Amino acid sequence: MKFVLGEPPKNDFTPELHMWNELKEPKNALVAQLIALPIGIFLIVFVYVLAIIITKFSGFSKSFSHPSEMIQYLIAMIIIIPIHEILHACVFPEGIKSKNTILGFWPKACAFYGHYDGEMSRNRFIIVFLLPLISLSVFPIIAMGISGYINTFVIRICLVNAFAACVDMLGVILFATQVPKNAVVRNLGWKSYWIVK
């Protein structure tokens, strides 16, 4: 695994030579984040309602704009970001041990990312997108519902992660609607390509 400061690195992959299809996706990470904002809002509402239904959570005692609330959300964000990206990396081929696994921060796009510099199946790519949302936003709510123990800070973590997964969910939508189930996917920097072998 490597750590990179800057955009996802480009390699010697030449998709045009081997007839790879370019995924129709936002032209850069910043545009993707803007397009994914409504998805993020939907995911926050979904996880919040899930918490109310499953755990009998009755809401937070203070408004979001209260300083103590804002500090708790900031702490939740600091905790979630590295775990979220490492979870992506865990389901890359060969996981975090692979030399093709890259974790990075792209200051220009204000984005943290997990990147795999090699081929993987389309279905595995979708699992890569979904794992952090399921692991950090859905499972903890279900666990609290089963145990009967409600922790409002954990619920905050679930909500922050749900919002952080908005671009991942945009990716799920793009791959599920454009890429055949039996295809192989590969990235060249920010851009994604697919081919049926």
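Scanning region 53-71 for residues that are at pLDDT 80 or above, surrounded by 11 or more Cβ atoms within 10 Å (Cβ to Cβ) and under 13 Å from ARG156 (Cα atoms) yields PHE57, MET70. Of everything in region 46-105, what is free of Cβ contacts under 8 Å to residues at least 24 places away in the same chain and in contact with a Pro (Cβ under 9 Å, 6 or more places away or on another chain)? Give them in sequence order. Residue satisfying the conditions is ASN100 alone. When we screen VAL185, VAL160 for residues that are surrounded by 19 or more Cβ atoms within 10 Å (Cβ to Cβ) and either more than 24 Å from ILE52 (Cα to Cα) or touching an Asp or Glu at 6+ places or on another chain (Cβ under 7 Å) (or both), the only hit is VAL185. For the structure I just gave you, tell me whether GLU22 is under 30 Å from GLY148 (Cβ atoms), surrounded by 12 or more Cβ atoms within 10 Å (Cβ to Cβ) and over 19 Å from the mean Cα position of the chain (by Cα). When the stated conditions are applied, GLU22 does not pass them. What is the number of the single condition among (1) part of a helix (DSSP H, G or I); (2) without any contact (Cβ under 8 Å) to a residue 40 or more places away in the chain that ASP12 does not meet? ASP12 satisfies all of (1) part of a helix (DSSP H, G or I); (2) without any contact (Cβ under 8 Å) to a residue 40 or more places away in the chain except (1). Picking from residues in region 27-42 that are loosely packed, with under 13 Cβ neighbours inside 10 Å and not charged (D, E, K, R), the one that is nearest to ASN187 (Cα to Cα) is VAL31.
Scanning region 25-58 for residues that are farther than 30 Å from ILE150 by Cα and not aliphatic (A, V, I, L, M) yields GLU25, PRO26, LYS27, ASN28, GLN33.
The values are calculated or read from the model by the stated rules, or taken from the named source; none is laboratory data. Note that the coordinates shown come from a computational prediction; the quantities given were computed from them, not determined experimentally. Virtual Cβ from ideal backbone geometry, glycine too; neighbours counted across all protein chains shown.
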